[in-house]
Amino acid sequence: MVDPGCRASGIPPVEAGEEAEIARRLAQFERFGVNLGLARIEQLLARLGHPEKQVPLVHVAGSNGKGSVCAYLSSVLTQAGYRVGRYTSPHLVSWRERLCINERPIAAADLSAVLAQVEAVIPPSQEMPTQFEVLTAAAWLYFAQQAVDVAVVEVGLGGRLDATNVCEHPLVTVITSLSREHWQRLGPTLADIAREKAGILKPGCPAVIGPLPADAKAVVAARLAELDCPAIWPAPARDLGQGWAAVAGHHDGAVGQGEEEFIPSPWRYRLPFPGPHQLINSALAIATLRCLQAQGWAIAEAAMTTGLAQARWPGRLQWLTWQDDRGQGWPLLVDGAHNPAAAMALRAYVDSLELAPVGWLMGMLVTKDHRDIFQALLRPGDHLHLVPVARPYLRGSGRARCDRTDHLPPARHL
């Protein structure tokens, strides 16, 4: 049977048996949980012949916005004629979404095969890698085997000790934003979290940094100066209306030695994603592309315009139609906001539609900041329906199918 969820995520459908084989291979590593550190992934990559050293890298970290920035970069570089790998997480429907080349998810057979290659070099006598480390190693191996020109890689969690942080000389590093997320693992303060995010910065390598809280900005700025990184802090693009934006030719302040300015003014482009937060996400992507141009990468203005407009990032402020048992369709807005900052961005977009009240159907893990998220999202008159999150390691009442909502009234006002 073909997975119907592929239609919403935009990935080519495959037989469920092929997806089950991928899930089986990865499930054996799930019990090792999240265990930040670089020793296991470095040992694993060494046994694979260091594929990460064969792949030029654009490395993207941040609390929010990094997925959109990766989508913009991958789309533009594909339009420019390059063979582009993209590694992001988490996925919506299929593990295959995480590994893409030129906007196409890896084939199920190819992912199963590359996972088998990674499994084959894991010695049972040593500490086992985590699921994310195995998948990250598979991504590096696949991109090297496919001889990509560049890989756009999203940090999984934090930065300094994340399994993606294994390249000594990235082309560009990007920190999109920073908020108090995953503080249980990264540290209780914004400064602590900033130190972890800044761990992806490398000596002399260009960096593009989004707007940060003052405490976090000071930490990142100090690290940039210490490493002598050319850095740019682009201002958000200007909203021109009707889905158009323009970048300005300035940034918001000097950051250490070696800073350069790459963005011309003015430059107009069409935004493919709704929401005011895309004004900064797109500006970050454009600044990153200008950094690559300055290094000699051939990225024509037409490729940038087309690539930005054609970028796709499903499940983020995406409009779908929910059809009830009577065959009547209802508009449904789908988004992955999972922290207060993202919830504020989601609410700002909903408020721009001037529709109220709103019906919310939500599921969250217990580790999230529920109170702050609800405070950011909910307004008087809104209706909130909570559902458990379906996760393979949850049992009994902790599991639920998100499509079992026939007992709920339709969200007529969304």
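If you scan region 93-122, which residues turn out to be closer than 23 Å to Arg316 by Cβ and either surrounded by fewer than 19 Cβ atoms within 10 Å (Cβ to Cβ) or not assigned by TED's automatic domain parsing to the domain that holds Gly49 (or both)?
Asn102, Glu103, Arg104, listed by residue number.
Of the residues Gly336, Gly327, which single one is part of a loop (DSSP other than H, G, I, E, B), under 19 Å from Ile280 (Cβ atoms) and not assigned by TED's automatic domain parsing to the domain that holds Leu271? I'd like the intermediate steps shown before the answer.
Values: Gly327 fails: under 19 Å from Ile280 (Cβ atoms).
The unique qualifying residue is Gly336.
Please go through region 189-225 and pick out each residue that is under 13 Å from Val172 (Cβ atoms), surrounded by 20 or more Cβ atoms within 10 Å (Cβ to Cβ) and either small (Gly, Ala, Ser) or out of contact with any helix residue (DSSP H, G or I) (no Cβ under 9 Å at 6 or more places or on another chain) (or both).
Residues satisfying the conditions are Ile200, Ala207.
Scanning region 36-50 for residues that are surrounded by fewer than 14 Cβ atoms within 10 Å (Cβ to Cβ) and of a type in the set (A, V, I, L, M, F, W, C), which turns out farthest from the chain's Cα centre (by Cα)?
Filtering region 36-50 for residues that are surrounded by fewer than 14 Cβ atoms within 10 Å (Cβ to Cβ) and of a type in the set (A, V, I, L, M, F, W, C), the one farthest from the chain's Cα centre (by Cα) comes out as Ala46.
Given the options Gln328, Gln295, name the one that is surrounded by fewer than 18 Cβ atoms within 10 Å (Cβ to Cβ) and either over 24 Å from Thr173 (Cα atoms) or β-branched (Val, Ile, Thr) (or both). Steps first, please.
Numbers: Gln295 fails: either over 24 Å from Thr173 (Cα atoms) or β-branched (Val, Ile, Thr) (or both).
It is Gln328.
So is Trp267 surrounded by 15 or more Cβ atoms within 10 Å (Cβ to Cβ) and either among the acidic types (Asp, Glu) or modelled with pLDDT under 95 (or both) or not? Steps first, please.
On the way: surrounded by 15 or more Cβ atoms within 10 Å (Cβ to Cβ): yes; either among the acidic types (Asp, Glu) or modelled with pLDDT under 95 (or both): yes.
Considered against the rule, which asks whether it is surrounded by 15 or more Cβ atoms within 10 Å (Cβ to Cβ) and either among the acidic types (Asp, Glu) or modelled with pLDDT under 95 (or both), Trp267 comes out as yes.
What is the number of the single condition among (1) among the acidic types (Asp, Glu); (2) part of a helix (DSSP H, G or I); (3) farther than 24 Å from Gly67 by Cα that Glu127 does not meet?
Only one criterion in (1) among the acidic types (Asp, Glu); (2) part of a helix (DSSP H, G or I); (3) farther than 24 Å from Gly67 by Cα is unmet by Glu127, namely (2).
Test each condition in (1) modelled with pLDDT under 80; (2) in contact with a strand residue (DSSP E or B) (Cβ under 7 Å, 6 or more places away or on another chain) for Leu284 and report the one that comes out false.
(1)
Under the condition of being at pLDDT 95 or above and assigned to a loop (DSSP other than H, G, I, E, B), which residue from region 298-324 is surrounded by the most Cβ atoms within 10 Å (Cβ to Cβ)?
My answer is Ala311.
Give the residue, chosen from Thr189, Thr176, that is within 17 Å of the chain's Cα centre (by Cα) and assigned by TED's automatic domain parsing to the domain that holds Ala80. Outline the logic, then answer.
Working: Thr189 fails: within 17 Å of the chain's Cα centre (by Cα).
Result of the check over Thr189, Thr176: Thr176.
What pairs can you find where one residue is in region 230-248 and in a loop (DSSP other than H, G, I, E, B), the other is exposed (fewer than 14 other Cβ atoms within 10 Å of the Cβ) and acidic (Asp, Glu), and their Cβ atoms are less than 6 Å apart, with a gap of 6+ or different chains?
If the second residue must be exposed (fewer than 14 other Cβ atoms within 10 Å of the Cβ) and acidic (Asp, Glu), the pairs left are Pro230/Glu260; Trp233/Asp252; Ala235/Asp252.
Pairs please, first residue from region 202-218 and assigned by TED's automatic domain parsing to the domain that holds Cys229 and farther than 14 Å from Asn281 by Cβ, second anywhere and crowded, with 24+ Cβ neighbours inside 10 Å and of a type in the set (Ser, Thr, Tyr), Cβ atoms under 8 Å, 6+ apart in sequence or on different chains.
Listed pairs, sorted by first residue: Lys202/Thr173; Cys205/Thr173; Pro206/Thr173; Ala207/Thr173; Leu212/Ser177.
For Gln184, which of the numbered conditions (1) under 25 Å from Ala390 (Cβ atoms); (2) within 20 Å of the chain's Cα centre (by Cα); (3) at pLDDT below 95 fails to hold?
So Gln184 meets the others, but not (2).
The values are calculated or read from the model by the stated rules, or taken from the named source; none is laboratory data. Computed from a predicted structure; not experimentally measured. Using ideal geometry, Cβ is built from the backbone for each residue, glycine included, and neighbour counts are taken over all protein chains shown.
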